[in-house]
Amino acid sequence: MEEVDRILIHSLRQAGTDIDEDVQSVKQFTSELIVEAVVRCLRVIDPALGNGLSHSLPPGMSARFRLGMSLAQACQDVGFKGEIGYQTFLYSNEPEIRSLFMFLVEKLPRESAEASDQPSGKSALLQRAIAAQIRAQLSVPWLPPSCRLPIHRKTQSSGPCHSFHAQPLSLPYSVKLSSRKQTKEVQEYWRNYLLPVTSQPSRHASVPASLLENHISELSAAQEWESEWNSQGLLSRLTPEEYRSRKKARLQKRIEEQLRAAAQPRPDAHGATRSTSDLAELLLSFGGVSTGGDVLTKGTRFTHTEKFTFTQEPEKAAQQMAAAASALPSSHQSEEDLKVQQEAELSALQQQLQQLSVQMEEVGGDIKQLTVSIQQVSDELQQKEVSNAEKENSVKMKRQTIDLLPDAEDNLLKLQTVVEASSKRVVHLASQWEKHRVPLIDEQRRLKELCSNRESESSRKLSEIKDLHDKIRQSAEEAKKKESLYKQLLTEYETLSKDVSRSAYTMRILEIVGNIKKQKEEITKILSDTKDLQKEINGLTGKLDRTFAVTDELVFKDAKKDESVRKSYKYLAALHENCTQLIQTIEDTGTILREIRDLEEQIETENGKRTVSNLEKILEDYKAIRQENSALAAKIREG
Amino acid sequence: MELSESVMKGLQTLADPNVFDLKSYTIFTELVFDSLVSPRCESVLGHPELKYIDQTTLKHCHTAATTFILEGVKQNADKSTISSCLEDARFQIERVDLLYTSLQKNKTNLEYLLSSIDTCPPHITDAAWRLEYCIKNSHLHKVNQPSYLISLNTERGGASSEINFSCTMEQLQDLVGKMKDAAKSLERASQS
Amino acid sequence: MLLVLSEEHKEHLGFLSEVDSAVVGEFGRIAVEFLKKGSNPKIFEGAARKLSVPAESVQHGVEGLMYLLTESAKLMVSEGDFQDSVLVLGFSEELNQLLLQLYLENRKEIRQILGKLAPSLPHYHNLEWRLDVQLSSRALRQQLKPSVTLKLVLEDGPSLRARVLQTDPSTLQHLIQELERALAELKSSHCRRVLRNIK
């Protein structure tokens, strides 16, 4: 019982009852303590029910009685099956109280009991962290703004406040091309002129934002590509590069179509050849890209002029670049110098630009005129050539017929034979063709079948690959989830105070189970012993009966002849009877002893019920109630 | 912690002992943290010890390392996350530890840097008051009312300003009562 | 303190002695109404038609009353002084009593109306607060930044203006201490002496 009591007391403490350290068993519970414990348990089990009850015994006797009644009612509402009434609480006896507590502790919801003791989970952790943070801030004394230490700067002022301002960064690598494939100029720019990323943004405050944003955009682009590739790219059966280039071509074609559609209303549909409008030029350049794949390789007018200007003055351009680059780091130079220099440079460049644009316009006009005239001339040429060829043909025909005319009959015959021979040859060829055709058709059919087989195979594999991709993603997600859960649990476990009682309990429970097992073994041993004994007794009784019957018969036989034997027969009968009586007496003694033990036990339990003290208490309470009643009556009379 | 392909490549280069020996690695990581924390670090990669490394590679590694560090601080990554990420990029244990200790050293500064990317209403830093007794004004004689002039000093993004208003004693009592409510709720929150 | 009435004012008020005392009571009611809600010249014409007198004299009468009331309320003229001041007008005793009654009944309200005209700074109107804890931002995902967000509503003339501010726990405690000191100052002996002596 001690173990049970200890567990009960521990659980009651967890439910919020204030139990003294020296209370070790249920026997020591006073009425006040019982009432408090029961009410606390009820509050945890059913807050609506428990909150209506006071957890302390009122002084007035009738109020106590009422509280006892309502407590008993509440316990029955919760589902307690045993006998219960106000007397259970006011005039307690140990076994009843113990069974009531055992029932209530069983009913205590596990989580809430734990929660009331040690709230756990993510939100509780957060709550505690917030509380700790606020405590920490409250403990820091306020200081005037001018004498703040770094510790105050973080909490007692808003500190610097920047908005999330990201700037595009120029990075020394490209996602699409490896660095070796980049053009030499780009590589040189990266090596010599590109600033490190942390110096690129105009304000240092936007460095982190720009970097983070850049990273996020790279990540999301990769993700988008991944999902697109998994959903559409794989099914197209192309390599990633091919897929990309095809997509690009498709896009360009659509843009081109749109632009063409927009340009259509113009009256001169020959815009492309005459290339007067910018739109047509744009279209042309698009055409170049879609076929060639690279703007720079195909010669559009723009790139031509660009190349022209750049090849014309390569050294100059290089000089300017160098000058610009040298101007960049040397920002410490005096502003004036820089300004003057820059202005001079600017004007020079502007002049050059103007000159160049004038030149360009001139040349462009020339080119336009020339292309138009070339077009016209080449058109004419083509027409002339076509007509020329036609004329030559007709001349040939005519010459042949003229050659054949003199010997008409002969030639006619010859012609007929020729025609016949050729028709024969045609038939022959047809039969031959037929011969060749059949195996070829067969071959084709076979190949077609093979092809379709392969196709189905590959689509099956594709779907498998897709499934695999999905599975991979799912598993990765699951793994991530589990990892985070593991981390959370780990932190929770760390924060959890190492509850020793739990392991102690399990130990004790195991011990108890072991004890019970041992006891059970002993009981079975005793039982089997008893059974053996019973068997032996039965055997002996049987043996006795049989021996007696045999002896009785023998002696009876002889008794007819011999007097002394008759006497001994009489003795035998008397002995048998006496022995039977003796056995009977022994058995009776056994039952009486058992009864005695039963009675003793009953006395023990009756004693446990504290009947005497309870009776005394009841008497006292009865007196108290009478007094209260008389006092009330007196009051009424007075009133 | 998810990293983009380019950042991963940069980190892999940084981990390569053929590109960065241990000494230049140490110097480089210090420079990376400096470039993030200090407002203007003109010649981030001009350190004499790093002269022998290709500038393009150096810049790429710098970008990758700064991005990695900022992401780590942003997500408050713990040691296991950071080391698993770096080990994925083939970092040796020694280098991981070096980077992690520098990160711990600079963490408060970096967190301060990231937490400053934020918007918030003006922060009250101090209050001043003046008690006045109004005797008469142009429209009313014998007013004889005490009144308070309250001035709240506020700060926003380093710039400070003032909010001035007047109130009667009852209104000031109301104001203080409400502030006390707030303080009480703070105290309650600190106990849960 | 006696009110000094100008000759023109006396002339305007003189119209009141020519009409019935019930009409004067009505005029008084209209004058107080006008002070509260602004004047409405249509009423003058209606009243003039009823009394068959020029609308102008009705207007002068009512406006004279309004001026008399505001001046005496502004100076917080005592009961006796008011009676003495009105004596100059030479009205009947009944009319004087009527005016006195009107003055005493509406003095408080008129002073309130006049008080609103006084030049004033933005005035405290209301304070709302909220306890916030910033947990995460775009650039920093895990943080704990407790703060108290305050919405201070100030009354500036006819309009209300709300200012949203925030502060930290220890500054909030400091603010409370400081403002409580301000409140305690009013109960100090120095302040009480000043309040007692300037009356």
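The values are calculated or read from the model by the stated rules, or taken from the named source; none is laboratory data. Just so we're clear, the structure is a prediction, and the values are computed from it rather than from any experiment. Glycine gets a Cβ as well: all are built from the backbone with ideal geometry, and neighbour counts include every protein chain shown.
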From the options B:76, B:137, B:144, residue that is within 20 Å of residue A:154 (Cβ to Cβ) and either surrounded by fewer than 17 Cβ atoms within 10 Å (Cβ to Cβ) or within 9 Å of chain A (Cβ to nearest Cβ) (or both): B:76
Being touching a strand residue (DSSP E or B) at 6+ places or on another chain (Cβ under 9 Å) and within 28 Å of residue A:204 (Cβ to Cβ): is that true of residue B:125 here? yes
When the residues of the range A:200-232 are narrowed to those that are of a type in the set (Ser, Thr, Tyr) and over 23 Å from residue B:72 (Cα atoms), which ends up farthest from the other protein chains (Cβ to nearest Cβ)? A:231
Would you pick out the residues in the range A:139-149 that are surrounded by 11 or more Cβ atoms within 10 Å (Cβ to Cβ) and not in a loop (DSSP other than H, G, I, E, B)? A:145
Every residue from the range A:460-508 that is at pLDDT 85 or above and in contact with a His (Cβ under 9 Å, 6 or more places away or on another chain): none
Select, from A:84, A:9, the only residue that is closer than 26 Å to residue A:622 by Cα and among the β-branched types (Val, Ile, Thr). A:84
Regarding residue C:141, is this residue out of contact with any Gly (no Cβ under 8 Å at 6 or more places or on another chain), without any contact (Cβ under 8 Å) to a residue 40 or more places away in the chain and within 8 Å of chain B (Cβ to nearest Cβ)? yes
For residue A:256: the one exception among (1) without any contact (Cβ under 8 Å) to a residue 24 or more places away in the chain; (2) over 30 Å from residue B:110 (Cβ atoms): (1)
Return the only residue of C:164, C:148 being over 31 Å from the mean Cα position of the chain (by Cα) and either away from chain A (no Cβ under 14 Å) or under 28 Å from residue B:163 (Cβ atoms) (or both). C:148
From the option list B:13, B:67, B:26, single residue qualifying as under 28 Å from the mean Cα position of the chain (by Cα) and more than 8 Å from every other protein chain (Cβ to nearest Cβ) is B:26
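This table checks each residue for (1) modelled with pLDDT of 90 or more; (2) touching a Phe, Trp or Tyr at 6+ places or on another chain (Cβ under 7 Å); (3) within 25 Å of residue A:202 (Cβ to Cβ); (4) of a type in the set (Phe, Trp, Tyr).
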residue	(1), (2), (3), (4)
B:6	no, yes, yes, no
B:20	no, yes, no, yes
B:25	yes, no, no, yes
B:35	no, no, yes, no
B:40	no, no, yes, no
B:44	no, no, yes, no
B:56	no, yes, yes, no
When you go through A:615, A:572 one by one, which is the residue that is at pLDDT below 90 and under 30 Å from residue A:541 (Cα atoms)? A:572
Collect the residues in the range B:98-114 that are crowded, with 19+ Cβ neighbours inside 10 Å and within 12 Å of another protein chain (Cβ to nearest Cβ), keeping them in residue-number order. B:110, B:113, B:114
Search result, residues across the range B:45-94 that are among the hydrophobic types (A, V, I, L, M, F, W, C) and touching a His at 6+ places or on another chain (Cβ under 7 Å): B:45
For the subset of the range B:106-159 comprising residues that are among the charged types (D, E, K, R) and in contact with a Cys (Cβ under 9 Å, 6 or more places away or on another chain), which member is nearest to residue C:139 (Cα to Cα)? B:118
Quick check: is even one residue across the range B:111-124 at pLDDT below 90 and among the β-branched types (Val, Ile, Thr)? yes
Unique match (being more than 9 Å from chain C (Cβ to nearest Cβ), part of a loop (DSSP other than H, G, I, E, B) and of a type outside the set (A, V, I, L, M)) among B:95, B:90: B:90
Residues being within 8 Å of another protein chain (Cβ to nearest Cβ) and of a type in the set (D, E, K, R): count how many of those fall in the range A:138-168. 1
Kindly indicate whether residue C:55 is surrounded by 18 or more Cβ atoms within 10 Å (Cβ to Cβ), more than 23 Å from the chain's Cα centre (by Cα) and farther than 21 Å from residue C:115 by Cα. no
When the residues of the range B:158-192 are narrowed to those that are more than 7 Å from every other protein chain (Cβ to nearest Cβ) and under 17 Å from residue B:123 (Cα atoms), which ends up surrounded by the most Cβ atoms within 10 Å (Cβ to Cβ)? B:160
Sole residue being part of a helix (DSSP H, G or I) and not aliphatic (A, V, I, L, M), chosen from C:166, C:173, C:142: C:173
Taking the range B:1-43, which residues are part of a helix (DSSP H, G or I) and charged (D, E, K, R)? B:5, B:9, B:23, B:30, B:34
Mind counting the residues in the range C:93-108 that are surrounded by fewer than 15 Cβ atoms within 10 Å (Cβ to Cβ) and either of a type in the set (A, V, I, L, M, F, W, C) or touching a helix residue (DSSP H, G or I) at 6+ places or on another chain (Cβ under 7 Å) (or both)? 2
